[in-house]
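Notes follow once the structure below has been shown.
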There are 2 protein chains.
Amino acid sequence: MKKQSSLTKSATKPDLSLSGIAGQTRVRIERVSPEVDAGYDRPGRYPIKAIIGDRIPVEADIITDGHDVLAARLLYRHGNEKKWQETPLQLLLNDRWAGAFTVEKLGRYQYTIEAWVDHIASWQHEIELKVADGQRISSELLAGAVLVDGMAHRAGSASNADAHDAATLLRVAALFREGSELANNEAYQEAIQVAESEQFLVWAQLYPERQHPARYQYELNVEVDRAAAGFSTWYCLFPRSASRELGPGNVPVHGNFGDVEKLLPRIAGMGFDVLYLPPIHPIGTAHRKGKNNSVTCLPGEPGVPYGIGSAEGGHDAIHAELGTVDEFKHLITEAKNYGIEVAMDLAIQCSPDHPWAKEHPEWFKKRPDGTIQYAENPPKKYQDIYPVYFETADWQNLWLELKRVLLVWAEWGVRIVRVDNPHTKPFEFWEWVIAEVKKQHPDMLFLSEAFTKPKVMQQLAKVGFAHSYTYYTWRTTKAELEQYMTELTAGEMKHYFRPNFWPTTHDINPGVLQSGHEPQFLIRYFLAATLSANYGIYGPSFELMEHVPVPNKEEFLNSEKYEIRHWDWERTNKLTYLISLTNRIRRENPALQQTNNLTFCRIDEEHLTAYLKVTGDNRLLTVVNMDAYNRRAGVVQVPIWQLGIDADQPYTVHDLLTGNKYTWKGEWNFVELDPYIMPMHLFRIE
Amino acid sequence: MKKQSSLTKSATKPDLSLSGIAGQTRVRIERVSPEVDAGYDRPGRYPIKAIIGDRIPVEADIITDGHDVLAARLLYRHGNEKKWQETPLQLLLNDRWAGAFTVEKLGRYQYTIEAWVDHIASWQHEIELKVADGQRISSELLAGAVLVDGMAHRAGSASNADAHDAATLLRVAALFREGSELANNEAYQEAIQVAESEQFLVWAQLYPERQHPARYQYELNVEVDRAAAGFSTWYCLFPRSASRELGPGNVPVHGNFGDVEKLLPRIAGMGFDVLYLPPIHPIGTAHRKGKNNSVTCLPGEPGVPYGIGSAEGGHDAIHAELGTVDEFKHLITEAKNYGIEVAMDLAIQCSPDHPWAKEHPEWFKKRPDGTIQYAENPPKKYQDIYPVYFETADWQNLWLELKRVLLVWAEWGVRIVRVDNPHTKPFEFWEWVIAEVKKQHPDMLFLSEAFTKPKVMQQLAKVGFAHSYTYYTWRTTKAELEQYMTELTAGEMKHYFRPNFWPTTHDINPGVLQSGHEPQFLIRYFLAATLSANYGIYGPSFELMEHVPVPNKEEFLNSEKYEIRHWDWERTNKLTYLISLTNRIRRENPALQQTNNLTFCRIDEEHLTAYLKVTGDNRLLTVVNMDAYNRRAGVVQVPIWQLGIDADQPYTVHDLLTGNKYTWKGEWNFVELDPYIMPMHLFRIE
C-alpha cells in the first residue's frame, strides 16, 4: 500500500509515454478491402478504379476486446466535398464487416471507416440473455433508462432533430424506470418488450452514443471514370493510308482527315466507337527511315509518324499533308455524329528536327562530345529519334510543357489518349500529368501501350492509366488464357488494371496469325471481343487478314509505319461479318460490357474453352474452339447452381451468332465446333 | 512555337502542383515482406518477431521505367542507433529483390529499403551488348571514364576512403580515355576487359553514384526476444497443492514456496524449464467461492486464487500461507539452479476486498444505485470478482498502476508473465504496457491466455505478446491439425504469432481426454511437444492423467482452482517416461526448437499424420497414430528431393524414442503404429 501512495504522487505529473494515446478507444480496424498497395510513399495511395454509377463494396476487420457489440460506418465523399456521407457496415462473420456506397460523379472519391463500442446494442444483447435465463433485470432497466435519455437528447439536438422520436424516447426512458420498480409488473413486461424490439436497435443506430470511436488511419481513393473507361471498342488506322485513290503509276496517295471522314460509315458500321490515330504531327527529315525500317530513305518517302517534329512544329502541331487543326477538329465532330471518339497518340520522343531539340537542349542527354544521344535499345539504334531525358535538372519545365501539349489536344476536343511506351518514362511523371489533366478534364482517358514486365505494367495502371495493353496477344492456348484472365479479373489487379485486348497492333504481327488462316483470325478476334469489355483492332490490316511478317520477326512486312498503304476499303469478308455481329451483340448485352464478371466453366476438351459472363439477368455462355484446324467436341459444365436453375429443369440456350436455340438440361451439355464453319458459340441462357 | 514562349513565361513562377515531388526519382518500392498489417493507425506498425541471432530475410518489388539496371540496399539498425547499417539486395526474378540481416541485440530493430538507378552498372550492361554486337564503343568509353572519375572521387572521400582503390580507379579512367582514341587498339581492348570485369561491378557497389534514390516510406520493425521466446517447455502447478503432507483426517495441507522448491528435482527431471504459477496474491473473502465453484463457501475453504486482493494487499502482495516475498525470491533463485524460470500470472480483476476497490472506486463500473458491478458473462455471474473498467476517465492512473505492478514483479526477478484473459482488456493498453515494461526489461516475455475469436487472438500477438495459447487443445483430427498448423506456420501469422501448445490447462479438460485412456494422453502430449517449440502441461494433473469432468463440461471435477489438492508427487508412469524422453530429445535436436520449420508429409492413412522438421542438418520425421484405440499402418512419403537424397540411395531412419534403426529407400516407406505399444515414431534421418 505504500507503493500505491507513491504512485498517487507520481501521477500528478503526466507520464509522457501516455501522451497521444486514446486510452478509452477499444476498437481496431484492419485489412480494409479494396485497398491497393498501402506500400509506397503515401499510404493506401493508389486509387481503385470505378465507372460512374458503380456500387463500391467495402470490407474490413473490426475488432474489440471483450464481449461488447460494435457499430461501424462506412464514410465516403467526393473529392470536392468537405462533409462525409455515411452508411452502416454490417457484420458478416468472424469480425469481418461489409458495406457499400455508390459513386455518382466523375473524379476522386475518398472512403474510410469509423467504428465504436455500441453500448446501447451491447446493453440490449445483455438483457436478452438475462431475460432468456429467467433473471429479473430491474437494475439493468435503470441503466438502460440512462442510455435512452441520451438517445432522446440526441434525437432532439440540432443535427438530427426529430421531435417525434425525442418524445417517444423520453416515454421509453420513463417506462424503463417504472418497470424497474419491483411492484409494477405490467410496466416491467412492457419495458422488456420495448428493450428487445427491432425498433430499439433502429434508435440505437439513428442516435448512437459514438463514444471513443476508432477511425481507420487512411482515406482511401476511388477514381471514377466515364462509361468508356469500362466498355469501348477501338479501331486503329493510319490516316495517311485512308485515301481510296491511287496516284499515277498506282502509287498510293497521301490520305488526309477528309479521307478518314469518308471511312466513318464503314468503321461505325462494324460497330467501333473509338478511332485511334497514330501520331499526326510533322515528321522530321534527319535520319528519316525508309520502307521496312530501312536506314536509308529514298526521296519522297513519307517517314515514320513516330519521328515527331520538324521545322513546322512538334507535338502541338499537325502534319500539313493530313490537314489543318480545323480539319482535325472537323473530323472529331463528324466522328461524334457516328458515335465515334477520336483518340490521339502520345509518343514522348523527338526527331532531331523537333523544335525542342533547339530550344531545350537540356531536355536531351548528351554524349561526351556534346552531341545529343539518339535512342538505343542496345544493340539496336534509332538514329531518327531523340529520347527525352527525364533525369534532366530542368524536369519541371519539361513536365509543364508535356502537360501543355495534352491541354492543347484537349482543347481540340480529344478525350482519349493512347500513350506510346509509357514504361520508358518515369511513373512519377505519369502520376502527376494524368492527375493534372484530369483536374481540368475529368473525362480524359489514357491507354498505356506498355508491353513489358508485369509489375511495371501494373504500376502504370496504378498511377492513372484508365486502360492497359496486355499479354493477350501472346496467350494462345486454353491454359494460358484461363490463367491470365484469372490473374486479371480475380486478383488485386481487378481493382485498378483495366485490360484492353488487341489481337494485333501496328507494331505486332503475332506468330499465331502469321499463317493468315481465316479461322485463326476469327478465334483471336472473338476471344478478345468477348473476354474483355475493352478491345481494339488495327485496321484494316486485321480485318483484311494481313499477315506476312518481316522474316523471323513479329512485325508486318511493308508496314504502314514506314510507308503509305493503299487498302481496299470496300472489302467485306467473314471476319468483318463476325466483327459487325459481335459488336452489335456487345452493345445489346450488358454482360459483355464488363470484364471482371467472368467465370470459366469446366469443359473436358483441351482445345475448347468456355466462360460465363453474368450481369443482372443477362447471362452469356461463350464456347470457343481454340484449335483453328480441327472440329472439336466436348461436354461443358453449366454452373446451374450459380444461375438458380434446377437440375431437372430444361432451359434454352440461344446462340446469338446463328440464331439457333437448344434445349439443355442439368449441368453437363454437349457442344461441337467446326472451325471452318464457326469456331464459337455465344449462348444467351434464357 | 508561340505557345512555347508563353510556357517559358509561365514557368518563371513555380507551379504549385510540382512542389514536394522528387521528379528525378525513377524507382518505386512496393510489397515489402515481411510487413505486418500496414493498415491500422501507424503504417507498418506491428513488429515481426525474432529471436536473438536470427537472420531476417527481406524481399521487395523494386521497379523503374526503361531498361536501366537498379541497385538496392536493405537498411537496418537497432532501436538505439542513429546510423543505418546496409547490405545489398539481390534481384531474384521479375523485379523481386531479396536480402537479409542478422539481429544481434534484444529490443527493436528497424529496417527499410533504398534503391536507385545504377548508372554505372547500366553502362556496363549497355557496352556488353554493344561489344557482343561488334560495335566500336569509343564514345561510350569516354562516358564511362566520367563515371569512373566519380567512383575514384568517392573512393578517396572521407566516409569510405580507400586510397588504393582511388588510385586504381583514376588509372581505369585514364585507360578508358586512351582506349577511346581510334588509334590505340591495345588500350581499347584492355579498357573493354576492365569495363566488363566482375571487379568493375564490385567498384560500382562500393562507390555508387546513388543519384535520386527512392526510400521505402516505412521503417518496419522487428521485436527481438531472447531464446525462451522461441523454445520453452512449461509446467503449471498450484503452489498451494505442492505439499506432500496430509493433515489430520487426511485433509490436504496448504502448500508453500518451500514445498514447491522440493518439487524442482521432479520438474527439472522431466525436462521443463518454465514453472508457471497461477496467482499467488491474497485471496478475498467477499462472495468467496467453494469447492467445485459453489457460490457458498464453507468455513476454512481456501477460495479461488483469481479472486485477487484482500486487506493484506493486492497484485503487489503475496498470499501469506504461500510465503513471504523473500521466500518467493528464494524459490526463483532455487529454480534457476535447476534451469527453470518462474512465471507469474497477471489476472487484471479484483475481489471486492482488493485495496483498489476502496482507493480507486473510479476504476470500476457502477450500477445506477452506486454499487460496483461484479463480473458477468451473461447469463453467468461472478459475484466474487470486480472487473476493471478500462473505459474509466481515470485510465491513465489505472495503466500506470498496472505497469507499476509488473515492475514490482520484475524487481522480484520474474521475467515471464502469463496473462489471464487479455482479450477482455483493450489492445491499446497491452501495446503500451508491454512496450513500457520491455523498455526497462527487454528480456520480459508475456504469454497471452486468450481463447477467443481468431482475429482477436492475432491482434494480441501483434500488440506484443511473445507467446499465445492456441486452439490446439481442440484440434484432434489429422485434417484439423494439418490445417491449423499450416495457418500458424505458413501464413502471415508466422511473422508475429508464436503458438504455445497445451493439451490441457487448469481451466480446460477437453473432451478428447475425458476418457482417461492412456494412449490418448500420450498422443495429445506428443503432438504438442513435437509440433510446437513452445508447449506446456498443467501438472501433475496431466501427467497423472486426471480426467473426470464436471458433468457435460470441459472442466475438471474437484478442480484445484477451488480447493487444495493432495497429489502423489512420487508417481511415475508411461506418460512421465515419454515426457522426460521427449524433452531430452527436444533439447538435443534443434529441429524441435523451432515451429515454422514444419512440412507435412503425405501418408495414405487418415489416422496417421507425418511431419518433417528440418533445421540445418538436423532432420526429424515424426509419425503419429491419432487413433488411440487401433493399430494403423500406411506408407509415408519422405520428401527426399527436399532432403537431397537420391531415389536409389538407402538411408537410415533412427527412432529416437526406441533406439530402433531402419533402412529406407526412395520416397514411400511403410510404417505401423500400435497405440498400446507406442503410438508414434520420432525418426532422425541420418
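Numbers at a glance
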read-out	value
Residue list for the range B:105-162, filter: acidic (D, E), surrounded by fewer than 21 Cβ atoms within 10 Å (Cβ to Cβ) and in a helix (DSSP H, G or I)	B:E128, B:D149
Elements of type strands (runs of 3 or more DSSP E) in the range B:521-632, at least 3 residues being among the β-branched types (V, I, T) and at pLDDT 95 or above	B:608-615, B:618-625
So B:Q459, is it facing chain A (nearest Cβ under 10 Å), assigned to a helix (DSSP H, G or I) and touching a strand residue (DSSP E or B) at 6+ places or on another chain (Cβ under 8 Å)	yes
Residue under evaluation A:W395, criteria (1) in contact with a Ser or Thr (Cβ under 9 Å, 6 or more places away or on another chain); (2) among the aromatic types (F, W, Y); (3) more than 25 Å from A:Y525 (Cβ to Cβ), criterion not met	(1)
Meets criteria (in contact with a helix residue (DSSP H, G or I) (Cβ under 6 Å, 6 or more places away or on another chain) and among the basic types (K, R)) for B:K381	no
Single match in A:P355, A:P368, A:P361 (criterion: surrounded by fewer than 20 Cβ atoms within 10 Å (Cβ to Cβ), within 12 Å of another protein chain (Cβ to nearest Cβ) and either over 24 Å from A:G313 (Cβ atoms) or out of contact with any Cys (no Cβ under 9 Å at 6 or more places or on another chain) (or both))	A:P368
Which numbered condition B:A100 misses (of (1) surrounded by fewer than 17 Cβ atoms within 10 Å (Cβ to Cβ); (2) small (G, A, S); (3) not in a strand (DSSP E or B))	(3)
The listed residue being at pLDDT 95 or above, at the interface with chain B (Cβ under 8 Å from one of its Cβ atoms) and out of contact with any Cys (no Cβ under 7 Å at 6 or more places or on another chain), out of A:T424, A:T452, A:T473	A:T424
In the range A:471-486, residue surrounded by the fewest Cβ atoms within 10 Å (Cβ to Cβ) [restricted to those that are hydroxyl-bearing (S, T, Y) and either in contact with an Asp or Glu (Cβ under 7 Å, 6 or more places away or on another chain) or without any contact (Cβ under 8 Å) to a residue 60 or more places away in the chain (or both)]	A:Y471
From the options B:E104, B:E126, B:E59, residue that is within 14 Å of chain A (Cβ to nearest Cβ) and under 29 Å from the mean Cα position of the chain (by Cα)	B:E59
Residue match in the range B:144-160 (condition: at the interface with chain A (Cβ under 9 Å from one of its Cβ atoms), among the hydrophobic types (A, V, I, L, M, F, W, C) and either in contact with a Ser or Thr (Cβ under 6 Å, 6 or more places away or on another chain) or over 16 Å from B:V202 (Cβ atoms) (or both))	yes
Search result, residues across the range A:50-92 that are at pLDDT below 95 and at positive phi	A:G66
The range B:375-404, subset surrounded by fewer than 20 Cβ atoms within 10 Å (Cβ to Cβ), in a loop (DSSP other than H, G, I, E, B) and touching a Pro at 6+ places or on another chain (Cβ under 9 Å), residue farthest from the other protein chains (Cβ to nearest Cβ)	B:Q383
Test: B:H566 is crowded, with 16+ Cβ neighbours inside 10 Å, in the same structural domain as B:R475 (by TED's automatic domain parsing), over 21 Å from B:V274 (Cβ atoms) and touching a residue at least 12 places away in the same chain (Cβ under 8 Å)	yes
Cβ-Cβ under 7 Å pairs, at least 6 apart or on other chains, the range A:246-265 side under 20 Å from A:S559 (Cβ atoms), far side hydrophobic (A, V, I, L, M, F, W, C) and assigned to a helix (DSSP H, G or I)	A:V260/A:L331
Qualifying residue in the range B:73-84 (condition: more than 9 Å from chain A (Cβ to nearest Cβ), closer than 30 Å to A:I63 by Cα and touching a residue at least 24 places away in the same chain (Cβ under 8 Å))	yes
Selected residue (criterion: farthest from the other protein chains (Cβ to nearest Cβ)) from residues of the range B:427-440 that are surrounded by fewer than 17 Cβ atoms within 10 Å (Cβ to Cβ) and not hydrophobic (A, V, I, L, M, F, W, C)	B:Q440
Of residues in the range B:87-101 being more than 14 Å from chain A (Cβ to nearest Cβ) and touching a Pro at 6+ places or on another chain (Cβ under 7 Å), the one farthest from A:Q373 (Cα to Cα)	B:A100
Scope the range A:627-685; condition exposed (fewer than 14 other Cβ atoms within 10 Å of the Cβ) and among the β-branched types (V, I, T); matching residues	A:T652, A:T658, A:T663, A:I677
Search result, residues across the range B:14-41 that are modelled with pLDDT under 85 and facing chain A (nearest Cβ under 7 Å)	B:D15, B:D37, B:A38, B:G39, B:Y40, B:D41
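For every residue, the table says whether it meets (1) of a type in the set (G, A, S); (2) touching a residue at least 12 places away in the same chain (Cβ under 8 Å).
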residue: B:D95; (1), (2): no, yes
residue: B:I113; (1), (2): no, yes
residue: B:A145; (1), (2): yes, yes
residue: B:A152; (1), (2): yes, yes
residue: B:G156; (1), (2): yes, no
residue: B:A166; (1), (2): yes, yes
residue: B:V172; (1), (2): no, yes
residue: B:L182; (1), (2): no, yes
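The values are calculated or read from the model by the stated rules, or taken from the named source; none is laboratory data. Only a predicted model underlies this, so the values are computations on that prediction, with no experimental measurement involved. All Cβ positions, even for glycine, are placed from backbone atoms using ideal geometry, and neighbour counts span all protein chains on display.
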